[in-house]
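The next block holds one structure in the form of structure tokens; read it before the comments.
The values are calculated or read from the model by the stated rules, or taken from the named source; none is laboratory data. Keep in mind that this is a model prediction, so the values were computed, not measured. Positions of Cβ are backbone-derived with ideal geometry, glycine not excepted, and every protein chain shown enters the neighbour counts.
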Amino acid sequence: MIIKEITCKNCMTKSKLTDYVINPYTGCSHGCKYCYADFIKRFQNIPYEWGDFVYVKINCSELLEKELEKNKPGNIWLSSVCDPYLHLEAKYKLTRRILEIISKSKYKNKYSIEILTKSSLVRRDFDVLKNLNVELGCSINTLNEDYSRKIEPFASSPKERIKVLKDAKKHGIKVYGFISPVLPGITDLDELFKELAFCEYVWIEILNIKKSILDKFLPFIKDNYADKIIEFEYMINNYDDYCNKIEKHAKELSEKYCLKIKEVVRHDLK
Ligand code: SF4
């Protein structure tokens, strides 16, 4: 793994996904086989393979206080091209520093914060999170440990992620489940809704089937879960129909478990 300490010009970045994103790191060490955050390499001229590098933005928290003052109110999302609780965060504490600065800022009420992680390291920061207007989510697409170990090899296990959300809730932190990405033949929506029923809501994202993602992900599925290929091919060839079925099923489960759905995200194939 190539680790580079770099400096950045902004901490908060305006985003089409929400109002602002903060990425204390560029790159990610969780190794998810379906990841599509590697698009950022093109914009930042990064020569390494996705998963082989992490850039650490060592000065990002120093820029934040002024940006909190100057920027318009809005939602801040951590993070879009990394997990804010990568293993390196245990050493660098950039995410923690960012949260501490927001929690002590006189402008903190201008912002809501959304955190999304696959790491139980977030537990370390419950003391700061409980003083913020924050929603904490964990991405999870299966409860099956074997699938998860192979598909998301360096993230915390699904059981740990669910336990993290339950413990966060006990600390008074709002929690949500991010069922993402829905994988044909692998994601069991019934069991996930049942397990996540204690959350405020769930978000669901269906697998992005852009060619650049499938070129990497499908060979992995063929090598490891050949029996799932027929279901993947059905989804790829009937994407709208597949998404409609998932949406319908999710609505039924939402009623059954009294668990709100924030959104079912399907990807534009163009
Ligand atoms: S945690 Fe997110 S950014 Fe990191 S490898 Fe997985 S999908 Fe990609």
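For (1) more than 12 Å from the ligand (Cβ to nearest atom); (2) farther than 18 Å from LYS14 by Cα, each residue gets a yes or a no:
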residue	(1), (2)
ASP52	no, yes
TYR55	yes, yes
LYS66	yes, no
ARG96	yes, yes
LYS106	yes, yes
ILE115	yes, no
LEU121	yes, yes
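Filtered by the rule that a residue be aromatic (Phe, Trp, Tyr) and in the same structural domain as PHE198 (by TED's automatic domain parsing), segment 117-153 gives a lone residue, TYR147. Scanning segment 104-141 for residues that are assigned to a loop (DSSP other than H, G, I, E, B), out of contact with any Phe, Trp or Tyr (no Cβ under 8 Å at 6 or more places or on another chain) and either small (Gly, Ala, Ser) or surrounded by fewer than 19 Cβ atoms within 10 Å (Cβ to Cβ) (or both) yields SER105, LYS106, TYR107, LYS130, ASN131. Can you confirm whether ILE179 is at pLDDT 95 or above, within 16 Å of the ligand (Cβ to nearest atom), farther than 16 Å from LYS118 by Cβ and touching a helix residue (DSSP H, G or I) at 6+ places or on another chain (Cβ under 6 Å)? Considered against the rule, which asks whether it is at pLDDT 95 or above, within 16 Å of the ligand (Cβ to nearest atom), farther than 16 Å from LYS118 by Cβ and touching a helix residue (DSSP H, G or I) at 6+ places or on another chain (Cβ under 6 Å), ILE179 comes out as no.
For every residue, the table says whether it meets (1) away from the ligand (no atom under 16 Å from the Cβ); (2) among the charged types (D, E, K, R).
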position: ASN45; (1), (2): yes, no
position: GLU49; (1), (2): no, yes
position: CYS60; (1), (2): yes, no
position: LYS72; (1), (2): yes, yes
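The residues of segment 81-91 that are out of contact with any helix residue (DSSP H, G or I) (no Cβ under 7 Å at 6 or more places or on another chain) and within 16 Å of the ligand (Cβ to nearest atom), listed by number, are CYS82, ASP83, LEU86, HIS87, LEU88.
Quick one: in segment 124-144, of everything that is closer than 30 Å to PHE217 by Cβ and touching a helix residue (DSSP H, G or I) at 6+ places or on another chain (Cβ under 7 Å), which residue is farthest from the ligand (Cβ to nearest atom)? Selected residue: LEU143.
The residues on offer are TYR111, TYR48, TYR55, TYR107, and the sole one that is farther than 27 Å from MET1 by Cβ and either of a type in the set (Gly, Ala, Ser) or in contact (Cβ under 8 Å) with a residue 40 or more places away in the chain (or both) is TYR111.
In the set ASP38, ASP52, which member is exposed (fewer than 15 other Cβ atoms within 10 Å of the Cβ) and under 23 Å from the mean Cα position of the chain (by Cα)?
Values: ASP38 fails: exposed (fewer than 15 other Cβ atoms within 10 Å of the Cβ).
Testing whether each residue is exposed (fewer than 15 other Cβ atoms within 10 Å of the Cβ) and under 23 Å from the mean Cα position of the chain (by Cα) leaves just ASP52.
Looking only at segment 129-147, decide whether some residue is closer than 27 Å to GLY185 by Cβ and without any contact (Cβ under 8 Å) to a residue 12 or more places away in the chain. Within segment 129-147 (the criterion being closer than 27 Å to GLY185 by Cβ and without any contact (Cβ under 8 Å) to a residue 12 or more places away in the chain), the answer is yes, since at least one residue qualifies.
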